[in-house]
Every structure is written in C-alpha cells, then in structure tokens.
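Inspection log for the structure reproduced underneath, given as structure tokens.
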Amino acid sequence: MRHLSIDLETFSSVPISKAGAYKYVQSPDFEILLFAYSLDGNPVEIVDLAQGEILPDWLYAAICSPEYIKHAYNAAFEWYCLSKFCGVMLPVNQWKDTMLHGLYCGFTAGLEATGKALGLPAEKQKLSVGKSLIRYFCVPCSPTKSNGGRTRNLPKHDPEKWDLFKTYCIGDVVTEMEIDRRLSAFPVPDAVEKQWQTDLTINARGVAVDMDMVKGALYIGESSRESLMSEAMDLTGLNNPNSIAQLKTWLNMNTDTPVSNLNKETVSALLEDGSVTGSAERMLEIRQELGKTSTKKYDAIEAAVCGDGRVRGLLQFYGANRTGRWAGRLVQVQNLPRTYIGQLPLARDAVKHQRADKLRVLYGSVPDTLSQLIRTSFIASGGNKLVDADFSAIEARVISWLAGEQWRLEVFRTHGKIYEASASQMFGVPLERIKKGNPEYELRQKGKVAELALGYQGSSGALIAMGALKMGIPEEELPDIVSRWRESNKRIVDLWYTVESAAVSVIQNGTPAGVKNLIFAREYDADNDLDFLTITLPSRRKLYYAKPELGFNQWNKPSITYRGVNQTTKQWTQLETYGGKLVENIIQAIARDCLAVAIEHLEEAGFPVVFHVHDEVVIDCPTSQADLDAVVRIMTLPIPWAPDLPLNADGWVGDFFRKD
C-alpha cells in the first residue's frame, strides 16, 4: 500500500462554522484552491489549482485508487471535497483520519492544539498566521473603495500572502504526518476505523427536515418575542426591559420581596412561592417566557440544510474522547429539549401555518411549545418512515454486568424494573408492593434517583444534582439513601475501589493489572516522550490518559492526575480523577461500544441510520421495511465480547422524530 498525506485549502461563500462542511462544499462557488500532498513520507508538494495548475495524472488516479491510503487531519472534509472534485463519492475505506488518531490517544481536536499537546517543535506546529490567511483567501470579503469593490480576494491581489498561504498549507501536511508518526506506537484498532467509516457514511447521508415547520417556528418565535417585549415595555415603562440592571431596579420598586438576581432558578422560585404579585408577577412571567423564545436550533437547521432538504454532519465521531462517545454538531441533536405536549401532528400543523394563536389556546406557552417541537423538525424522507430504537437503561446494565452484581442482572434478564427493584433492595420491601396504589410506591422515587445519581461514587450532592430535593425528598434523608444504595450494591462499590487501586498501582510500578474484563497498563514511547495510563475495554478498544501521575487529594489519599482538556476552560491541562470517575468513563465507553456494534449490524442489515443520540438510533427506511421488532432484534443481538450482557431496546415508528 502507498500512503498519501493530503491537505486542501478551499473557498466557498457558505460559512462553514454555521452551515457545516457538507453545505459548504455543495455551494456552487466552492473550489479547491491548493492541494498539498506527500507520498510515502517524502517532501511535501503543492498544486496551485487557483492559478491554473492541474493535478498530475498519477495523483488524480491515486485519489480513487485502493492502492493508496489517503491520510488527512479531519479527513471527512478532504474526502467530501475530493468527492465533489472527482464527481463521484470516493470509497470511505481508503481514508484514515489523523484527528481520530489523536482523539483516540486522549488528545484534543484541532491540528494546532494537538501539535502543542504532543510537544511538536515550533516549525512542525500549525502556523499561527493561518487563520488570517484563511479569512483573506477562503471566505468572501466586504467590498470597499480601497479594494475596488471586490467581494473576494484572489492570489493576484496579494502575491506575498498567497506564497505564505502555500507555505502554511504545506506546513499542515508536515504537522499531520508528524502527529501520525509520533502516535504510530498506539494505533487505532481496525474496528474503530471501520466505525469511523460508517460514521462518515451516516453523516454524508444526512436526515430530512421539514422546512415549512422550521420557517413557521422562526416566524412565530420572532412575533412572540416582539409581542412579549412590547408588553414588557408597556408594563414597566423601561426602554430595555431585557436589561437585568434596569429590570431588577424596577422589580424592587414594585414589590415588597427583595429580588437579588434574575437567573432562571430565582425567577421560578419567586413565581412558585407567590411572594410576587400584580404587575411584578406578570413581568417575571414575561421574563420566563422570553427565556424560552430562543430559536437557535431552528436557526441552526435553517443555516445547515442542504439544497435537497437534508441536514448533514450532525455527528462528531469520538467527540467525547475520554470515552469515545459521539458528540453533536450544528444542531446538537445530543441536546434537544424533551417533548411533553400531546397531539403533536396538530401542534406541528399550527406551526407550519404560523398559527401562534392556535398554539396559545392549545398549549399555553408558545415559546415553550416551539422549544418542545424542535425535534419534530427531523422527518422521514418521502415514502419512508423513521424507526427509532433506544437501549433501555444501558449504563445500569453495563455496570451491573461488569461488577457482577447478580441481583441486578436477574432484574435485567426478567422484568427490567430496576427502580422498583432497587427500592426493594434498599428498604427491604417486597417488589410486588412497590406499585401504583400502594403506599410503598413512594419508595420508587427514591430508588430512581439513587439509580440515576449513585452509580459512579456519588453521594448526597449527586442526589441533589439529580433533583432529589425537587422530588420532595428531604435533605436529611439523603445520606441514608446513599448508605442503603451502597449496601445493596456492594459489588459496584467494590468496583470503584478496585479500579482506583489498579490505576494507582499501574502508575506507581508500571506492571499491568487486570480488573474484571479490563486491563490497566502503563504504555510508553520514550523516543517521542509519550506516556499513557491505558484501560483496555472488553471490546479491545483502549482508553488513554496522557502523562499519568500520582499526587494527594484533599483527604490526603493518593490522587490520580493526567493531562487532558478542562471542560470549562477548554485548555490542555492537568486533571484529577478517582475510582468512581474512572468507572463512569469505562461504563460509558462500553455502552458506546454496544451502540457502535448495533449500528454496524443495522447498516449491514439494510437499515440506514440517519443519526443517533446517546443510546438511541434513528433509521429512515421505506415504509414496507419499517419493522421495529426487526430493529430491536438486531440491536439486542449478543455482543461478541460480552455475550452474557443482558440488553433490551424499545422504540417507535413514525413520520417525525420525537421522544416517547
């Protein structure tokens, strides 16, 4: 096999950050400006397509040839660009993504950031001037007197910048190859490469959207916001009732209850306790409504929809690189509001016909209704149905399986009522008593919140974060719930401490350690200054923790640290972890692997997945093929590396996406 490392620089009038790569490439004015490449690690060459150069015949043939493996950073982009360039969808199995290699090994996304995290020398890092050059040559410019009224900068407009841009493009190929070289001792498994290829196919397939629905929602949302703002101005006399400072002053002048802030929780509490009345109460209601008027996701759909009415590129493979889970992009389908309202076809019809009055009569809050309907914008293609199937309680099943908690496994192999069964174990009440109509049924709520909050070494704080107090559980009862759950799940508790002990031991002495179906190891590449704590999962995929070290936490116990991305600052820095957190990573990673296996099986069986959310898949297929039972059977096939893991799934068949 020959290896071709590629980097492209392109132009399109479509803003890629808002519209995504697929709509960007589909733009009629899209073009490839520069094509930099290296064959088998040789010095980088560049073809200046913008100035009339053409690809050598051998290179053009190599793009489509199975004898050449094509490498690129975020290779999905180069793959799609060159598919358009060649006029044919290129085979995905001829491509490898250097960004995936970095993400797999625990590094961050972004060529520049990964280069820095790997400690690449300055000359092999991405040039910092690149962003300004991209802004100059790759996007439209504003017409001015000084630039002669042009809307685009061409090479002839600044030859020196163009030469620097070519150097920058060449440098990207050098950086990509260096990242791949440095990580070569830690290869991406073939199974994960195959999953990446499937993901590429799913993203390119896209999902159909109901643009009449989207446009109706945008119109109603704007009208609703204008109406609420007008009412607020009339009510308060303020020029800008959206100003926190102005509104807080007005409220404190018009109510006996001091208003310290206007965050969502405070406004809700003031409205619930009835301490604010009259015009001040109505103003708080308006503020609450305005907080729900955001149409950002509808805006995102409108910005990203392609000419054929489909949105593509909704998923980022290995977007959560601590576990390997997918992340959402563009519309963020991983984070859509739930749908609680009934009569969805009626509500959707009202939106499509821009009938805000009808929504108000039927559902009350127009903004809240629009928010709930966002997911229904995703629809089946013409003549098709959507089939939605969701793994049930997948993390609870996986942690029970890995820990060997037999009573829980029996629950999942039989009735599956884990909340009731957990309450039964915790409080010593027969399971059959925990049902609606019996006083013991109130224990189910405690079993549920315990299951949702305590599996990863959480305590009272985790119960509160999961809503225990809002469920009416007194705070003084929380420590007892924690104690009872842990007493009922001793094998899971043992798993936390065994995992932490194994990680500490491996970091200290470098000797591999086995825990259940996991292998902990310290892996080095001294030549490239790479040092990882790795956890080999049952699927043989590995989790990587870079530069592991031991310190001491606030309780003066050994503390595990590693280098990673701080989710708040987004900076590459030292992070701390512990047994329960490691178990959470492991369980979510195994659940992710179960989903990946199911997706491969579904695709092979002719059920085309259009997107997926956490542990749920959405399929768009002909009505005659829309068989939920068949999809569930495929999703619950025994996992090759976990044949005794009890899986279950359920779902629905319909015309639009929803959440049952």
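The values are calculated or read from the model by the stated rules, or taken from the named source; none is laboratory data. Since the model is a prediction, treat every value here as computed from it, not as a measurement. Glycine gets a Cβ as well: all are built from the backbone with ideal geometry, and neighbour counts include every protein chain shown. Accessible surface is based on the protein model in full, side chains and every heavy atom, while ligands, DNA and RNA are left aside. Shrake-Rupley method; radii C 1.70, N 1.55, O 1.52, S 1.80 Å.
For the reader, a short list of remarks on this structure follows.
- Some residue of the stretch 413-425 being surrounded by 14 or more Cβ atoms within 10 Å (Cβ to Cβ), farther than 17 Å from Ile492 by Cβ and over 34 Å from the mean Cα position of the chain (by Cα): no
- For Lys297: the one exception among (1) open to solvent by 50 Å² or more (accessible area, probe 1.4 Å); (2) assigned to a helix (DSSP H, G or I); (3) in contact (Cβ under 8 Å) with a residue 24 or more places away in the chain: (1)
- Scanning the stretch 524-533 for residues that are over 15 Å from Gly579 (Cα atoms) and open to solvent by less than 40 Å² (accessible area, probe 1.4 Å) yields Asp525, Asn528, Leu530, Asp531, Phe532.
- For the stretch 606-633, the set of residues classified as open to solvent by 40 Å² or more (accessible area, probe 1.4 Å) and touching a residue at least 60 places away in the same chain (Cβ under 8 Å) consists of His614, Pro622, Thr623, Asp627, listed by residue number.
- Matching option when the condition is surrounded by fewer than 21 Cβ atoms within 10 Å (Cβ to Cβ) and of a type outside the set (D, E, K, R), among Leu637, Leu582, Leu602: Leu637
- Every pair of residues 6+ apart whose Cβ atoms lie under 7 Å, when the first sits in the stretch 387-415 and is without any contact (Cβ under 8 Å) to a residue 12 or more places away in the chain while the second is of a type in the set (Lys, Arg): Val411/Lys417
- Listed conditions (1) outside any helix (DSSP H, G or I); (2) surrounded by 22 or more Cβ atoms within 10 Å (Cβ to Cβ) are all met by Ser381, apart from (2).
- For the stretch 206-220, the candidate set comprises residues that are surrounded by fewer than 22 Cβ atoms within 10 Å (Cβ to Cβ) and touching an Asp or Glu at 6+ places or on another chain (Cβ under 8 Å); within that set, the residue that is farthest from Val351 (Cα to Cα) is Ala208.
- The number of residues in the stretch 316-349 that are free of Cβ contacts under 8 Å to residues at least 40 places away in the same chain, among the aliphatic types (A, V, I, L, M) and within 20 Å of Asp210 (Cβ to Cβ) comes to 4.
- Residue count for the stretch 251-293 under the criterion of being assigned to a loop (DSSP other than H, G, I, E, B) and out of contact with any Lys or Arg (no Cβ under 9 Å at 6 or more places or on another chain): the result is 11.
- Unmet requirement for Thr561, which otherwise passes all of (1) polar (S, T, N, Q); (2) within 20 Å of Ala462 (Cβ to Cβ); (3) free of Cβ contacts under 8 Å to residues at least 60 places away in the same chain; (4) open to solvent by less than 60 Å² (accessible area, probe 1.4 Å): (2)
- Checked against (1) surrounded by 21 or more Cβ atoms within 10 Å (Cβ to Cβ); (2) under 30 Å from Arg491 (Cβ atoms); (3) not β-branched (Val, Ile, Thr), Asp388 meets all criteria but (2).
- Conditions (1) acidic (Asp, Glu); (2) surrounded by 21 or more Cβ atoms within 10 Å (Cβ to Cβ); (3) farther than 30 Å from Val333 by Cα; number of the one not met by Glu160: (2)
- Of the helices (runs of 4 or more DSSP H) entirely within the stretch 29-142, those holding at least 2 residues that are within 31 Å of the chain's Cα centre (by Cα), under 23 Å from Leu154 (Cβ atoms) and free of Cβ contacts under 8 Å to residues at least 60 places away in the same chain occupy 75-86, 130-137.
- A single member of Asp644, Asp620, Asp629, Asp650 is modelled with pLDDT of 95 or more, under 24 Å from the mean Cα position of the chain (by Cα) and farther than 21 Å from Arg348 by Cα, and it is Asp650.
- For the stretch 500-518, the set of residues classified as open to solvent by 70 Å² or more (accessible area, probe 1.4 Å) and touching a Pro at 6+ places or on another chain (Cβ under 7 Å) consists of Asn517 only.
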